[in-house]
Structure formats: structure tokens, C-alpha cells
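Report on the following structure.
The numbers here are math on the coordinates, done by the rules we state, and not lab data. Since this is a predicted model, take the numbers as computed values, not measurements. As a convention, Cβ positions derive from the backbone with ideal geometry for all residues, glycine included, and neighbour counts pool all protein chains shown.
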Amino acid sequence: MKKIQVLKPHYRINECLEQMKECLDIGWTGMGFKTVEFEDAWKEYTGLSNAHFINSATSGLHMAVKLLKEEYKWQDGDEIISTSFTFVSTNHAIKYENLTPVFADIDESLCLNPQEVKSKITNKTKAIMFVGLGGNSANLLEIIKIARDNNLKIILDAAHMAGSKIDSRHVGFDVDVTVFSFQAVKNLPTADGGMICFNDDTLDKKARQLSWLGINKDTFQRSNQGSYKWDYNVAEVGYKYHGNSIMASLGLVALKYLDEDNNYRKKIADEYIKNLDGKIQYIKHNDGTSRHVFQVLVENREEVIEFLTQNGIFPGVHYRDNMEYPPYKGELLKNVQYYSNRILSLPLHLEMNMDDVKFISEKLIEVSR
């Protein structure tokens, strides 16, 4: 029996090995070299003014919150409006800095409902964290307007949004900081890693120092000064959050094919929609989505998962309501709870074909009757 995973990365292995071989030939696998190339390529692709390659999107979200807090002198206990329908690293990043995540409800896009966001704004609110779940831009432009009207900062958790566009512009414009994920099963996989993109050059510079333990000059820079300059300054207590050249090598190859790959993902999603429309409720996405996941709503989810698994289909759940976890206990939100109890991610990756989509659709319809 063929086994169809929910998510699976696809690598152009020979091209990746060529990129990595360059690192091994010169003996440079750490920060610098390919990480610089990847950052430059990402800026060119997205049109964003800054990009810093890091070891995970979680690290990036932490730095985003920390640096905005320091820059604008937020106090412990100040609030960031967020969603509880996300992977926990979104809200962990807020708690890392002793700030308070205030959860607003979602709408049928699974992203923040603008009216719910407005209702949560207080004099302690400092920012809005918008999560583009599955690559969906949803109401992002309306959320940005709300933030600007209320003098709030916008952090875009774009973990699923590599290649997502709004009116042909890559997401990340008109926000204060965007964080992308290149984790193992993302649309642009580098085994692990992420990119933090501040719109402020000063904060970009601070992020680079913070991600390298607070050291003011990285080893690659010092090695390119003609002779190795051993002396440097440790300006602050930082973190080891930077990316490396091996991961960046994978990113450079994947970026070449990102639009092509996302177009194929869209074809898979469109095939699902053709097969399921009118039979199974699915989550709709705006045009330009990266289509990181394809999600449906089912009753008796555990029974559905068991049936699909018996037929070689391995779906996923993105995500469980964070307020069901001890660190985030609170008054549950109506829509988050509804979707959290019913959402199911169907397999979607580049190694699938349309026969796979047809088979999965048929089995899902069969078990849902």
C-alpha cells in the first residue's frame, strides 16, 4: 500500500550538493559566505529591504518581540494581540519577553478577525501578531490598517508564507517585521532555519548582533579583512540564533524553484477543491497563497484520521487551540474552539500527483458520509 504523508520536503539533490560542496571546498560551513548569498537572494526575490538568515523562525519571532520591546520601551506586562490558533512558538515568543499575549478570535480563514482585534485593544496594547496560516494573507491588509490607526506595531508570523503574495507583491511590505520559516517540511526547506526581515535598517543591524551572542562583528567579516582579526566587542548578552552556510545552500537552490513549486501546490489544492466542493467543507485562501497546507473540516476527527490511516493516508492537524495548553489557559474563544476541534490537513506536497488527490478525496468523502 502506498503511504501518503501530510507534508514532505522535496530537494533537487544534485544542485544542493553542488552548493554545499562549495562550502566544503573552502572550509566554510558556518555563518557568512552562503548565508550572505541567501540573504541577498531573498531580498531580491521578495523586494524587502532587509533579511537576516537565522536558525529557526522561533528565534526570529523572539528577536522581533525583544527588539521592538527595547526600541519602543515597552514594559513587562504590556500586551500583544495574537491568535491562539497557531503553533505555540508564535505565542512563546511573546512570553519570552514577559509580555502578555491577548487572544482575539479568528474567522473562516483561520486568521485573526479584524473586528475581534479591535475589541481587544487597550492602553497596554503595543503590537499585533498576525499569523498567515497555511500561507493565507486573509485580512492582513485590514489588520495593518487597524495597527496604523491605533499606533501599534505589526509582527507578521509568515512561517507558512514563503512565496505568498498580495497583488503581486510578496508579503512583508507595510509591516514592522516579518519572520519566515524554512523548517524541514516548509515550502522552502533548509532542514531548519528562518529569515527575519525588519523594515528598519537599525533594527536589522541589531538583530544581526543579537543573533551572534551580542558580538559586534562576525567571524566571516573578520576573516575577510585580509588577515584574521581576533579582536571584537561583546556589546550585549545575545543568543546563538544565526543560520549556517550548509542550510543556506539548500535555501539557495529551493528559492530558484519556489514559485514553480508553489504553483504545483496550487494545482493540488485546486484538484482537491474540484473533488470536494459541495461535499466537504474546506478552508478558502486568498489569491497569491503559498498553499502550505490544505485544510478541511470534519466531524468525528479521530475516526476520520483512523480510517484514512488504514488506507495509507496520513493527515495532520494544524493546529490545536493554544489555550488548551497550561501556559495559555484562559477563556476559550468560540471560533478557535470550533475549528480546533474539526480542522484536518490533507496531504499536500510536491511528490504527490493528481491520482493521489483523487484517492484521498474519495476516501475522505467515503468516511464522512
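Which value, in debye to the nearest 20, gives the size of the charge dipole of the chain about its Cα centre, when Lys and Arg are +1 and Asp and Glu are -1 at the Cβ?
Details: 44 positive and 50 negative charges, 48 e Å.
About 220 debye.
Annotation: amide H of Ile154 within the under-5 Å range of Ile128, Asp176, Val177, sequence separation 5 or more or interchain, hydrogens built in the peptide plane. Largest GNM mean-square fluctuation among Trp42, Trp230, Trp28, using the chain with Cα springs under 10 Å: Trp230. Full extension of the chain between Glu15 and Asp174 yields a length gain of 53.8 nm, computed as 0.36 nm times the residue separation minus the alpha carbon distance.
Fewest neighbouring Cβ atoms within 10 Å first, the residues Asp270, Asp201 line up as Asp201, Asp270.
Rounded to the nearest 20, the size of the Cβ-charge dipole of segment 258-368 about its Cα centre is 300 debye, with Lys and Arg at +1 and Asp and Glu at -1. Helix 245-256 and the longest principal axis of the Cα set of the chain meet at an angle near 50°. Between Arg369 and Asn263, the FRET efficiency from the beta-carbon distance, with R0 = 25 Å, is close to 0.15. When the charge dipole of segment 114-244 is built from unit charges on Cβ atoms (+1 for Lys and Arg, -1 for Asp and Glu) and taken about the Cα centre, the candidate among Ser137, Asn233, Ala207 whose Cα reaches farthest toward its positive end is Asn233. The distance from the alpha carbon centre of segment 258-285 to that of segment 306-327 is 20 Å, rounded to a whole number.
Per residue, the chain reaches -12000 deg cm²/dmol at 222 nm when only DSSP H runs of four or more residues are counted, each adding -39500 (n - 2.57).
Between the amide H of Lys217 and those of Asn233, distances stay under 5 Å, these residues lying 5 or more places away or on another chain, with hydrogens modeled in the peptide plane. Helix 258-276 and the long axis of the chain differ in direction by around 20°, with both axes built from C-alpha atoms.
As a footprinting exposure proxy, order Phe38, Phe307 by other Cβ within 10 Å, with the fewest listed first. Please list the in-between numbers first.
Details: Phe38 27, Phe307 16.
Least crowded to most crowded, the residues run Phe307, Phe38.
Between segment 38-64 and segment 201-218, the alpha-carbon centres lie 13 Å apart. Using only the alpha-carbon atoms, how far is helix 57-71 inclined from the longest principal axis of the chain? Give it as 0 to 90 degrees, nearest 10. For helix 57-71, the angle is close to 60 degrees.
Computed from backbone phi, the HN-Hα couplings of segment 22-28 come to 4, 5, 5, 4, 9, x, 10 Hz, rounded to whole numbers (Karplus: 6.51 cos²θ - 1.76 cosθ + 1.60, θ = phi - 60°; Gly and Pro given as x).
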